[in-house]
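Below is one structure; the comments refer to it alone.
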Amino acid sequence: MGVREFARAKSERRKLSLLTCYDYTFARLLAGTAIDAILVGDSAAMVMHGRASTVHAGIEMMRWHTEAVARGAGDKFVIADMPFLSFRKGVTAALDTAQTLMAAGAQAVKLEGVEGHEDAIERLTQSGIPVMGHLGLQPQSVHAYGGYRVQGRTEETAQDILGQAKRLEQLGAFSVVLECIPAALAREVTVALGIPTIGIGAGADCDGQILVLQDMLGLNAEFQPKFVRKFLNGECLVKQALESYGQAVSAGAFPSAEESFE
Ligand code: KIV
């Protein structure tokens, strides 16, 4: 899978499945599945480091996670998030950031928004770096929104998102994530663009879907946004295993003779 297959999937109306991943162990598991691509999301700051927002994912954090994922991902297409503000400080800073992420093993980068950093997007795409856009709810702007809110509910904001999506395509992006926008708007953007849209909280009509791996594995029972489907009751299953281990140790039942060296 690569940018050409992304384009082909859209033309063949084959839905793309993406998941986030932040570490070698899960990357290895994903490598053995039919999932199309892996995003090393800046959500690593929240999911892996317990931070309050993605604003806390800096380039060192993203480099470290991208390296770990790339080591386990086999031939999966790995996309890495450009950290907060890293593409807003001019073209050189954006190129330096992308260089670090590509050297760490990413094959593409993702960045939020368009306005104010068109020059960086254009230079990245002209430099042979596949760029995935991210519109709708842009988590790095959470403080400007005053919380995580569905975007594009008014005619004006919907038209703005549609316009930005078209601009991203003009600038050479190969795909765009649409996060938390009404399904009808996501459908309109998907029809208007020649590049694939990847939805998260954007309804069923996008060209593909992405979820945070730990969310779809149900590893945090308390976290249940409307758009997340839990494909596993992970928190319960993992806790059961942990309790079983603790009980086996307490009871002297682990390790057994077979699990011991003579
Ligand atoms: O960082 C992330 O997890 C993301 C997805 C929500 C698309 O950007």
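Details
- Restricting the range 104-142 to residues that are among the acidic types (Asp, Glu) and more than 12 Å from the ligand (Cβ to nearest atom), the residue that is surrounded by the most Cβ atoms within 10 Å (Cβ to Cβ): 122
- Among the residues making up the range 1-34, those that are under 21 Å from residue 48 (Cα atoms) and either within 16 Å of the ligand (Cβ to nearest atom) or not hydrophobic (A, V, I, L, M, F, W, C) (or both) are 18, 19, 20, 21, 22, 23, 24, 25, 26, 27, 28, 30.
- Within the range 248-259, the only residue that satisfies the criterion of being outside any helix (DSSP H, G or I) and among the hydroxyl-bearing types (Ser, Thr, Tyr) is 256.
- Residues in the range 55-105 that are of a type in the set (Ser, Thr, Tyr) and under 24 Å from residue 36 (Cα atoms): 66, 100.
- Condition check for residue 29: at pLDDT 95 or above, among the hydrophobic types (A, V, I, L, M, F, W, C), closer than 27 Å to residue 114 by Cβ and within 17 Å of the chain's Cα centre (by Cα): no
- Taken over the range 4-25, the residue count meeting the criterion of being surrounded by 13 or more Cβ atoms within 10 Å (Cβ to Cβ) and more than 18 Å from residue 209 (Cβ to Cβ) is 3.
- Note on the range 198-247: residues that are more than 12 Å from the ligand (Cβ to nearest atom), of a type outside the set (Lys, Arg) and not in a loop (DSSP other than H, G, I, E, B) amount to 13.
The values are calculated or read from the model by the stated rules, or taken from the named source; none is laboratory data. If you're wondering where the values come from, they're calculated on a predicted model, not measured in any experiment. Glycine also receives a Cβ, built like all others from the backbone with ideal geometry; neighbour counts cover every protein chain displayed.
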